[in-house]
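Down below is the structure, laid out as structure tokens.
The values are calculated or read from the model by the stated rules, or taken from the named source; none is laboratory data. The structure displayed is predicted, hence computed values, not measured ones. For neighbour counting, all protein chains shown are included, and Cβ atoms are generated from backbone atoms with ideal geometry for every residue, glycine included.
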Amino acid sequence: MNRILTSSLLGVVLAAVSFAPGARADDPDGSLLERARILFAPLPADASTPEHVLTPARVELGRLLFFETRVSSDGKQSCANCHQPMYYGTDALPTSVGNHGKVLPRNAPTVFNTAFQFAQHYGGNRASVEEQAVKALTSALAYGNADYAAAEARLRALPYRDLFARAFPDDAEPVTAQNWGIAIGAFERTLVSRAPFDRFLEGDSSAIGVEAKRGLGKFMSVGCAGCHSGPVVGGRMFQKFGLTADYWTLTGSTEKALLGGRDKGRFHDTKDEADAFFFKVQQLRNVARTPPYFHDGSVATLPEAVRIMAKLQLGRDLESADVDDIVAFLESLSGEVPGGFAAVPTLPVAGYRD
């Protein structure tokens with residue numbers, strides 16, 4: 001189903017962009033905004049939904065838990081280990097380091113704006129940020145707890161009970177793994193990083209420069225927006241990485257022992273060969289601030305990543321000027337570090353039982 005939707009959407013997008021009246025990659029104003037609004041949308045203030053209502057108590061609890069290491073089996077892991085304020089919600093490593101120093105097989109994507117994506121992780125095996133937070137508790141590579149009971153025992157030994165009770169006043173036992181996920185999810189749903197491109201979409205033509213406008217036009221006309229569209233410029237579908245060639249021929253990706261060889265994307269979750277080398281299309285918000293690139297951090301610079309994507313996904317060899325313009329557009333997706341994430345909070349210690 002997802003593969004069919006991917007190819008269908010690609011056709012619709014290319015038709016809308018390439019054949020729009022007066023469409024030109026070098027059109028700095030004219031129809032550019034009109035075409036961009038077909039494919040993209042400004043970021044909302046937060047990622048709340050009817051199913052995920054945000055309250056100040058849950059957001060504040062989630063902020064503290066995001067930085068809390070004492071729930072992990074080695075006492076060192078937290079969400080913030082892989083998603084650091086100084087690196088725009090990433091760790092700036094090719095692949096992250098997890099529980100007891102285990103080297104993970106994949107790169108940590110930014111946590112900014114991630115709740116707007118249709119699924120989490122490169123293989124899309126987490127439906128929401130809440131599910132991701134809960135399942136991290138028992139992941140051997142993340143928090144390393146033997147089961148949820150062990151994680152809850154560690155959590156209940158910490159001085160958070162009053163904060164959980166305030167965030168979940170209707171629960172007889174508020175300190176649970178499920179509520180851990182809801183609270184961290186609430187915090188992550190506030191990590192919205194609006195950028196100059198949002199102001200452009202809202203009608204401020206001066207919000208991005210001429211080079212970025214040229215790059216936006218090329219991003220649409222070349223075909224990049226066939227997969228990278230929507231509010232976070234991606235994060236809406238699965239797509240095969242390497243439509244014209246094996247991805248590692250250009251990325252230099254190596255085999256991963258934890259994955260038993262080449263990273264085959266969704267296959268590692270579904271065990272279906274039809275899903276081999278399909279990955280979630282990553283969002284491009286803040287992409288200029290979050291190197292290295294791709295699922296394994298195999299490419300160090302954004303211009304090289306743009307060249308590789310054009311070749312592997314579109315069969316296009318871009319000229320240097322085209323790459324420069326597209327990179328300028330991608331720079332316009334860089335926003336501010338969200339206020340609640342800019343500083344590490346002071347965690348509670350009173351009454352802690354080790």
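Worth pointing out:
- For the range 41-91, the set of residues classified as in a loop (DSSP other than H, G, I, E, B) and over 26 Å from ARG154 (Cα atoms) consists of ALA41, PRO42, LEU43, PRO44, ALA45, ASP46, ALA47, SER48, PRO50, GLU51, VAL53, TYR88, listed by residue number.
- When the range 202-213 is filtered for residues that are buried (at least 18 other Cβ atoms within 10 Å of the Cβ), in a helix (DSSP H, G or I) and touching a Pro at 6+ places or on another chain (Cβ under 7 Å), only LYS213 remains.
- Looking only at the range 249-304, and only at residues there that are part of a helix (DSSP H, G or I) and of a type in the set (Asp, Glu), the one that is farthest from TYR87 (Cα to Cα): GLU273
- Helices (runs of 4 or more DSSP H) completely within the range 92-170 that count 1 or more residues being hydrophobic (A, V, I, L, M, F, W, C), in contact with a Leu (Cβ under 6 Å, 6 or more places away or on another chain) and surrounded by 22 or more Cβ atoms within 10 Å (Cβ to Cβ): 148-156, 161-167
- Only listed residue being touching a helix residue (DSSP H, G or I) at 6+ places or on another chain (Cβ under 8 Å) and in the same structural domain as GLU60 (by TED's automatic domain parsing), chosen from LEU163, LEU158, LEU201: LEU163
- For the range 66-108, filtering for residues that are of a type in the set (Lys, Arg) and modelled with pLDDT under 95 leaves 1.
- Taking the numbered list (1) out of contact with any helix residue (DSSP H, G or I) (no Cβ under 9 Å at 6 or more places or on another chain); (2) crowded, with 20+ Cβ neighbours inside 10 Å; (3) more than 20 Å from PRO105 (Cβ to Cβ) in turn, GLY315 passes all entries but (2).
- The one condition from (1) of a type in the set (Asp, Glu); (2) without any contact (Cβ under 8 Å) to a residue 12 or more places away in the chain; (3) within 29 Å of PRO50 (Cβ to Cβ) that GLU152 does not meet is (2).
For (1) under 28 Å from GLY217 (Cβ atoms); (2) of a type in the set (A, V, I, L, M), each residue gets a yes or a no:
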| site | (1), (2) |
| --- | --- |
| GLY265 | no, no |
| PHE279 | yes, no |
| HIS295 | no, no |
| ALA300 | yes, yes |
| LYS311 | yes, no |
| ARG316 | yes, no |
| ASP325 | yes, no |
| LEU333 | yes, yes |
| PRO345 | no, no |
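- Within the range 293-306, restricting attention to residues that are touching a residue at least 12 places away in the same chain (Cβ under 8 Å) and under 20 Å from SER320 (Cα atoms), the residue that is surrounded by the most Cβ atoms within 10 Å (Cβ to Cβ) is VAL306.
- Flag if ARG266 is surrounded by 19 or more Cβ atoms within 10 Å (Cβ to Cβ), within 15 Å of the chain's Cα centre (by Cα) and basic (Lys, Arg): no
- Check on ALA245, over 25 Å from GLN117 (Cα atoms) and at pLDDT below 95: no
- Single residue of the range 43-54 satisfying the filter (touching a residue at least 12 places away in the same chain (Cβ under 8 Å) and either β-branched (Val, Ile, Thr) or closer than 16 Å to PRO338 by Cβ (or both)) that is surrounded by the fewest Cβ atoms within 10 Å (Cβ to Cβ): ALA45
- Qualifying residue in the range 178-189 (condition: surrounded by fewer than 20 Cβ atoms within 10 Å (Cβ to Cβ), out of contact with any strand residue (DSSP E or B) (no Cβ under 6 Å at 6 or more places or on another chain), at pLDDT 95 or above and not in a helix (DSSP H, G or I)): no
- Which listed residue, of LEU216, LEU243, is part of a loop (DSSP other than H, G, I, E, B) and either of a type in the set (A, V, I, L, M, F, W, C) or under 14 Å from PHE40 (Cβ atoms) (or both): LEU243
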